[in-house]
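Remarks on the structure that follows.
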Amino acid sequence: MEPVAVGLVGAGPWAEMAHAPMLAAGPHTRLAGVWARRPESAARLGAPVYERLEELFDACEAVAFCVPPAVQTELAVRAARAGKALLLEKPLGDSLASARRLADAVAESGVPSQLVLTLRYAAGTRAFLDRCREIEPFGGHAANISGVLTGDHPFATPWRLERGALLDAGPHMLDLMDAALGRITGVRAHGHPLRWTGLLLEHEGGAVSEISLTQAAAGDPPPATAAVYGRKGTAVLTPGGDPLPLVAEEFARTVREGGHPLGAARGLHLQQVIEEAEIQLRTP
(Lines give C-alpha, C1' and ligand atoms only; values in the text may rest on other atoms or scores of the structure.)
Protein backbone atom coordinates (compact mmCIF):
# COMPACT_ATOMS: atom_id res chain seq x y z
CA MET A 1 0.00 0.00 0.00
CA GLU A 2 1.30 3.43 -0.93
CA PRO A 3 1.84 5.66 2.11
CA VAL A 4 -1.09 7.95 2.79
CA ALA A 5 -0.20 11.60 2.17
CA VAL A 6 -1.24 13.42 5.36
CA GLY A 7 -1.22 17.17 5.87
CA LEU A 8 -0.76 18.47 9.40
CA VAL A 9 -2.66 21.44 10.81
CA GLY A 10 -0.87 22.94 13.80
CA ALA A 11 2.74 23.26 14.89
CA GLY A 12 2.67 23.43 18.69
CA PRO A 13 4.54 21.23 21.18
CA TRP A 14 2.37 18.13 20.67
CA ALA A 15 2.65 18.45 16.89
CA GLU A 16 6.44 18.64 17.20
CA MET A 17 6.69 15.83 19.76
CA ALA A 18 4.13 13.41 18.33
CA HIS A 19 2.16 14.15 15.17
CA ALA A 20 4.92 15.29 12.83
CA PRO A 21 7.44 12.51 13.62
CA MET A 22 4.68 9.88 13.69
CA LEU A 23 3.37 10.82 10.24
CA ALA A 24 6.85 11.28 8.75
CA ALA A 25 8.22 7.97 10.04
CA GLY A 26 6.22 5.80 7.65
CA PRO A 27 5.83 3.24 6.25
CA HIS A 28 2.06 3.71 6.30
CA THR A 29 1.96 7.52 6.13
CA ARG A 30 4.06 10.40 4.89
CA LEU A 31 3.97 14.00 6.08
CA ALA A 32 2.88 15.92 2.98
CA GLY A 33 2.99 19.41 4.47
CA VAL A 34 2.09 21.67 7.36
CA TRP A 35 -0.18 24.65 7.84
CA ALA A 36 -0.09 26.72 11.01
CA ARG A 37 -1.07 30.21 12.05
CA ARG A 38 2.59 30.80 12.82
CA PRO A 39 4.56 29.66 9.74
CA GLU A 40 7.87 30.04 11.58
CA SER A 41 6.79 27.27 13.97
CA ALA A 42 5.67 25.05 11.10
CA ALA A 43 9.10 25.37 9.46
CA ARG A 44 10.64 23.36 12.32
CA LEU A 45 8.66 20.24 11.44
CA GLY A 46 10.67 19.23 8.38
CA ALA A 47 7.92 19.36 5.76
CA PRO A 48 6.67 21.87 3.17
CA VAL A 49 4.88 24.80 4.79
CA TYR A 50 1.72 26.10 3.12
CA GLU A 51 0.47 29.65 3.51
CA ARG A 52 -3.16 28.80 2.77
CA LEU A 53 -5.12 25.92 4.25
CA GLU A 54 -6.62 25.09 0.86
CA GLU A 55 -3.10 24.65 -0.55
CA LEU A 56 -2.42 22.03 2.12
CA PHE A 57 -5.68 20.27 1.21
CA ASP A 58 -4.56 20.13 -2.43
CA ALA A 59 -1.29 18.45 -1.38
CA CYS A 60 -2.77 15.61 0.67
CA GLU A 61 -5.53 13.02 0.88
CA ALA A 62 -5.96 13.21 4.66
CA VAL A 63 -5.49 15.87 7.33
CA ALA A 64 -4.27 15.51 10.92
CA PHE A 65 -5.14 18.17 13.48
CA CYS A 66 -3.04 19.33 16.40
CA VAL A 67 -4.72 22.60 17.44
CA PRO A 68 -6.98 23.76 20.31
CA PRO A 69 -10.47 22.19 20.32
CA ALA A 70 -12.31 25.30 19.09
CA VAL A 71 -9.88 25.69 16.19
CA GLN A 72 -10.08 21.98 15.33
CA THR A 73 -13.83 22.19 14.92
CA GLU A 74 -13.62 25.18 12.60
CA LEU A 75 -10.87 23.81 10.36
CA ALA A 76 -11.82 20.12 10.36
CA VAL A 77 -15.29 20.99 9.08
CA ARG A 78 -13.59 22.70 6.13
CA ALA A 79 -11.38 19.65 5.55
CA ALA A 80 -14.36 17.27 5.67
CA ARG A 81 -16.22 19.38 3.15
CA ALA A 82 -13.11 19.25 0.96
CA GLY A 83 -13.33 15.44 1.03
CA LYS A 84 -10.31 14.81 3.27
CA ALA A 85 -10.07 11.97 5.78
CA LEU A 86 -9.55 13.32 9.31
CA LEU A 87 -7.15 12.37 12.10
CA LEU A 88 -8.62 14.28 15.03
CA GLU A 89 -7.39 15.17 18.50
CA LYS A 90 -9.49 14.85 21.60
CA PRO A 91 -11.74 16.45 22.64
CA LEU A 92 -13.66 16.68 19.40
CA GLY A 93 -14.63 20.31 20.11
CA ASP A 94 -14.69 22.94 22.83
CA SER A 95 -18.42 22.38 23.41
CA LEU A 96 -21.12 19.85 22.62
CA ALA A 97 -22.51 22.16 19.93
CA SER A 98 -19.16 22.44 18.16
CA ALA A 99 -18.49 18.70 18.48
CA ARG A 100 -21.91 17.95 16.97
CA ARG A 101 -21.21 20.36 14.11
CA LEU A 102 -18.00 18.50 13.28
CA ALA A 103 -19.54 15.03 13.66
CA ASP A 104 -22.41 16.10 11.40
CA ALA A 105 -19.97 17.39 8.78
CA VAL A 106 -18.12 14.06 8.85
CA ALA A 107 -21.37 12.12 8.48
CA GLU A 108 -22.69 14.34 5.69
CA SER A 109 -19.48 14.26 3.68
CA GLY A 110 -18.84 10.56 4.26
CA VAL A 111 -15.13 11.06 4.95
CA PRO A 112 -13.31 8.61 7.25
CA SER A 113 -12.33 9.88 10.69
CA GLN A 114 -10.23 8.65 13.60
CA LEU A 115 -9.47 10.08 17.06
CA VAL A 116 -6.01 10.13 18.61
CA LEU A 117 -7.10 8.66 21.94
CA THR A 118 -3.52 7.51 22.52
CA LEU A 119 -4.30 5.27 25.48
CA ARG A 120 -6.49 3.03 23.31
CA TYR A 121 -3.64 2.22 20.90
CA ALA A 122 -1.20 0.98 23.57
CA ALA A 123 -0.61 -2.76 23.79
CA GLY A 124 -1.22 -2.73 27.54
CA THR A 125 -4.63 -1.13 27.08
CA ARG A 126 -5.72 -3.63 24.47
CA ALA A 127 -4.71 -6.49 26.73
CA PHE A 128 -6.66 -4.85 29.57
CA LEU A 129 -9.82 -4.56 27.47
CA ASP A 130 -9.48 -8.16 26.27
CA ARG A 131 -9.34 -9.22 29.92
CA CYS A 132 -12.41 -7.09 30.75
CA ARG A 133 -14.45 -9.01 28.19
CA GLU A 134 -13.60 -12.28 29.96
CA ILE A 135 -14.58 -11.41 33.54
CA GLU A 136 -18.24 -10.30 33.29
CA PRO A 137 -17.41 -6.88 34.74
CA PHE A 138 -19.73 -4.99 37.06
CA GLY A 139 -17.59 -2.05 38.20
CA GLY A 140 -14.28 -0.29 38.13
CA HIS A 141 -12.29 2.83 38.81
CA ALA A 142 -9.69 4.90 36.95
CA ALA A 143 -7.51 7.92 37.65
CA ASN A 144 -5.49 10.35 35.57
CA ILE A 145 -3.30 12.51 37.81
CA SER A 146 -0.77 15.00 36.47
CA GLY A 147 0.80 18.40 36.98
CA VAL A 148 0.08 19.76 33.51
CA LEU A 149 -1.42 22.98 34.90
CA THR A 150 1.50 23.70 37.22
CA GLY A 151 4.71 25.60 36.58
CA ASP A 152 5.82 26.17 32.99
CA HIS A 153 4.58 22.87 31.56
CA PRO A 154 4.47 23.03 27.73
CA PHE A 155 0.88 21.78 27.76
CA ALA A 156 -0.36 24.49 30.15
CA THR A 157 -2.15 26.07 27.20
CA PRO A 158 -4.99 28.60 27.53
CA TRP A 159 -7.82 26.13 26.92
CA ARG A 160 -6.45 23.66 29.48
CA LEU A 161 -5.88 26.41 32.04
CA GLU A 162 -9.47 27.53 31.57
CA ARG A 163 -11.25 24.15 31.44
CA GLY A 164 -8.97 21.76 33.35
CA ALA A 165 -8.50 18.01 33.34
CA LEU A 166 -12.06 17.03 32.43
CA LEU A 167 -11.85 18.39 28.88
CA ASP A 168 -8.24 17.28 28.35
CA ALA A 169 -7.65 13.98 30.16
CA GLY A 170 -11.34 13.20 30.57
CA PRO A 171 -11.86 11.82 27.04
CA HIS A 172 -9.10 9.24 27.58
CA MET A 173 -10.53 7.89 30.82
CA LEU A 174 -14.20 8.11 29.82
CA ASP A 175 -13.42 6.23 26.63
CA LEU A 176 -11.51 3.57 28.57
CA MET A 177 -14.28 2.94 31.10
CA ASP A 178 -16.91 3.02 28.34
CA ALA A 179 -14.99 0.38 26.39
CA ALA A 180 -14.39 -1.75 29.49
CA LEU A 181 -17.83 -1.66 31.10
CA GLY A 182 -20.36 -0.68 28.42
CA ARG A 183 -21.69 2.53 26.99
CA ILE A 184 -21.95 5.34 29.54
CA THR A 185 -25.57 6.31 30.11
CA GLY A 186 -25.28 8.68 33.08
CA VAL A 187 -22.76 10.80 34.97
CA ARG A 188 -22.63 12.55 38.33
CA ALA A 189 -19.77 15.00 38.81
CA HIS A 190 -18.32 16.71 41.87
CA GLY A 191 -15.24 18.71 42.77
CA HIS A 192 -13.54 21.55 40.91
CA PRO A 193 -12.45 21.52 37.24
CA LEU A 194 -9.06 23.11 38.00
CA ARG A 195 -8.31 21.06 41.10
CA TRP A 196 -9.88 17.62 41.65
CA THR A 197 -12.80 16.26 39.62
CA GLY A 198 -14.66 13.08 40.48
CA LEU A 199 -17.09 11.30 38.15
CA LEU A 200 -19.53 8.52 39.00
CA LEU A 201 -20.64 6.76 35.83
CA GLU A 202 -23.54 4.47 35.01
CA HIS A 203 -23.16 2.04 32.11
CA GLU A 204 -25.52 0.06 29.91
CA GLY A 205 -26.13 -3.31 31.55
CA GLY A 206 -25.95 -1.96 35.09
CA ALA A 207 -22.20 -1.58 35.68
CA VAL A 208 -20.89 1.49 37.51
CA SER A 209 -17.47 3.11 37.62
CA GLU A 210 -15.60 6.05 39.12
CA ILE A 211 -13.00 8.35 37.58
CA SER A 212 -10.68 10.79 39.38
CA LEU A 213 -9.00 13.60 37.43
CA THR A 214 -6.58 16.40 38.19
CA GLN A 215 -3.84 18.30 36.40
CA ALA A 216 -2.83 20.34 39.45
CA ALA A 217 -0.75 17.74 41.32
CA ALA A 218 2.79 18.75 42.27
CA GLY A 219 5.69 16.32 42.39
CA ASP A 220 5.86 13.20 40.26
CA PRO A 221 2.34 11.73 39.89
CA PRO A 222 1.90 8.12 38.68
CA PRO A 223 0.72 7.31 35.15
CA ALA A 224 -2.95 6.71 34.39
CA THR A 225 -4.40 3.81 36.35
CA ALA A 226 -7.50 1.65 35.88
CA ALA A 227 -8.95 -1.52 37.35
CA VAL A 228 -12.17 -3.36 36.52
CA TYR A 229 -13.82 -6.01 38.67
CA GLY A 230 -16.13 -8.79 37.55
CA ARG A 231 -17.81 -12.03 38.49
CA LYS A 232 -14.95 -14.00 36.95
CA GLY A 233 -11.92 -11.99 37.98
CA THR A 234 -10.14 -8.64 37.85
CA ALA A 235 -8.49 -6.64 35.08
CA VAL A 236 -5.75 -4.12 35.87
CA LEU A 237 -4.33 -1.70 33.31
CA THR A 238 -0.61 -2.18 32.76
CA PRO A 239 0.78 0.68 30.67
CA GLY A 240 3.12 -0.41 27.93
CA GLY A 241 4.05 0.09 24.32
CA ASP A 242 4.41 3.19 22.14
CA PRO A 243 0.91 3.85 20.75
CA LEU A 244 1.88 6.24 17.95
CA PRO A 245 3.04 3.74 15.29
CA LEU A 246 -0.30 1.96 15.62
CA VAL A 247 -2.18 5.26 15.38
CA ALA A 248 -0.52 5.91 12.02
CA GLU A 249 -0.97 2.34 10.77
CA GLU A 250 -4.65 2.24 11.66
CA PHE A 251 -5.25 5.69 10.22
CA ALA A 252 -3.76 4.62 6.89
CA ARG A 253 -6.17 1.68 6.91
CA THR A 254 -9.03 3.99 7.87
CA VAL A 255 -8.25 6.28 4.93
CA ARG A 256 -8.06 3.39 2.44
CA GLU A 257 -10.88 1.23 3.75
CA GLY A 258 -13.08 3.60 5.79
CA GLY A 259 -14.53 3.22 9.24
CA HIS A 260 -12.86 3.19 12.64
CA PRO A 261 -14.46 2.54 16.05
CA LEU A 262 -12.76 5.67 17.41
CA GLY A 263 -14.24 8.03 14.83
CA ALA A 264 -16.00 11.37 15.15
CA ALA A 265 -19.21 9.71 16.40
CA ARG A 266 -17.22 8.29 19.30
CA GLY A 267 -15.86 11.74 20.06
CA LEU A 268 -19.37 13.16 20.09
CA HIS A 269 -20.53 10.55 22.62
CA LEU A 270 -17.62 11.42 24.93
CA GLN A 271 -18.34 15.14 24.53
CA GLN A 272 -21.95 14.59 25.62
CA VAL A 273 -20.75 13.04 28.89
CA ILE A 274 -18.19 15.81 29.42
CA GLU A 275 -20.72 18.58 28.84
CA GLU A 276 -23.17 17.07 31.33
CA ALA A 277 -20.37 16.77 33.91
CA GLU A 278 -19.24 20.37 33.31
CA ILE A 279 -22.79 21.64 33.81
CA GLN A 280 -22.95 19.83 37.14
CA LEU A 281 -19.58 21.24 38.24
CA ARG A 282 -20.79 24.78 37.50
CA THR A 283 -24.09 24.32 39.37
CA PRO A 284 -23.91 25.37 43.05
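The values are calculated or read from the model by the stated rules, or taken from the named source; none is laboratory data. The model shown is predicted, which means the values in this text are computed figures rather than measured ones. Every residue, glycine as well, gets a Cβ built from its backbone with ideal geometry; the counts of neighbours run over all protein chains shown.
Of all residues in segment 84-124, those satisfying the criterion of being basic (Lys, Arg) and within 13 Å of the chain's Cα centre (by Cα) are Lys90, Arg120.
How many residues does segment 1-20 contain that are over 18 Å from the mean Cα position of the chain (by Cα) and assigned to a helix (DSSP H, G or I)? Qualifying residue count, segment 1-20: 0. In segment 135-155, of all residues being in a loop (DSSP other than H, G, I, E, B) and within 20 Å of Met173 (Cβ to Cβ), the one that is modelled with the highest pLDDT corresponds to Ile135.
If you check Val71 against the conditions, is it among the hydrophobic types (A, V, I, L, M, F, W, C) and under 27 Å from Tyr121 (Cα atoms)? Yes: the conditions hold for Val71.
Please tell me if Gly230 is surrounded by fewer than 22 Cβ atoms within 10 Å (Cβ to Cβ) and either closer than 22 Å to Leu129 by Cα or not assigned by TED's automatic domain parsing to the domain that holds Gly110 (or both). So Gly230 passes the test.
Residues that are surrounded by 16 or more Cβ atoms within 10 Å (Cβ to Cβ), more than 30 Å from Leu8 (Cα to Cα), touching a His at 6+ places or on another chain (Cβ under 8 Å) and outside the structural domain of Ser113 (by TED's automatic domain parsing): does segment 211-220 have at least one? Yes, segment 211-220 has at least one match.
Residue-level check: of (1) over 19 Å from Gly139 (Cα atoms); (2) without any contact (Cβ under 8 Å) to a residue 60 or more places away in the chain; (3) crowded, with 17+ Cβ neighbours inside 10 Å; (4) in contact with a Gly (Cβ under 9 Å, 6 or more places away or on another chain), Ala169 misses just (4). Per the listing Leu167, Leu129, the residue uniquely out of contact with any Asp or Glu (no Cβ under 7 Å at 6 or more places or on another chain), in a helix (DSSP H, G or I), within 30 Å of Glu16 (Cβ to Cβ) and in the same structural domain as Glu204 (by TED's automatic domain parsing) is Leu167. Ala217 meets the conditions (1) at pLDDT 95 or above; (2) closer than 26 Å to Thr150 by Cα in every case but one. The failed one is (1). A residue that is surrounded by 22 or more Cβ atoms within 10 Å (Cβ to Cβ) and within 18 Å of the chain's Cα centre (by Cα) can be found somewhere in segment 158-165.
Kindly indicate whether any position in segment 235-255 is more than 25 Å from Ala99 (Cα to Cα) and surrounded by 19 or more Cβ atoms within 10 Å (Cβ to Cβ). Yes, segment 235-255 contains at least one residue that is more than 25 Å from Ala99 (Cα to Cα) and surrounded by 19 or more Cβ atoms within 10 Å (Cβ to Cβ).
Among the conditions (1) surrounded by 17 or more Cβ atoms within 10 Å (Cβ to Cβ); (2) closer than 21 Å to Ala70 by Cβ; (3) free of Cβ contacts under 8 Å to residues at least 60 places away in the same chain, the only one that His203 does not satisfy is (2).
For (1) farther than 23 Å from Asp168 by Cβ; (2) more than 21 Å from the chain's Cα centre (by Cα); (3) in contact (Cβ under 8 Å) with a residue 12 or more places away in the chain; (4) outside any strand (DSSP E or B), each residue gets a yes or a no:
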{"site": "Arg188", "(1), (2), (3), (4)": "no, yes, yes, no"}
{"site": "Ala218", "(1), (2), (3), (4)": "no, yes, yes, yes"}
{"site": "Pro222", "(1), (2), (3), (4)": "no, no, yes, yes"}
{"site": "Ala226", "(1), (2), (3), (4)": "no, no, yes, no"}
{"site": "Gly240", "(1), (2), (3), (4)": "no, no, yes, yes"}
{"site": "Thr254", "(1), (2), (3), (4)": "yes, no, yes, yes"}
{"site": "His260", "(1), (2), (3), (4)": "no, no, yes, yes"}
{"site": "Arg266", "(1), (2), (3), (4)": "no, no, yes, yes"}
{"site": "Gln271", "(1), (2), (3), (4)": "no, no, yes, yes"}
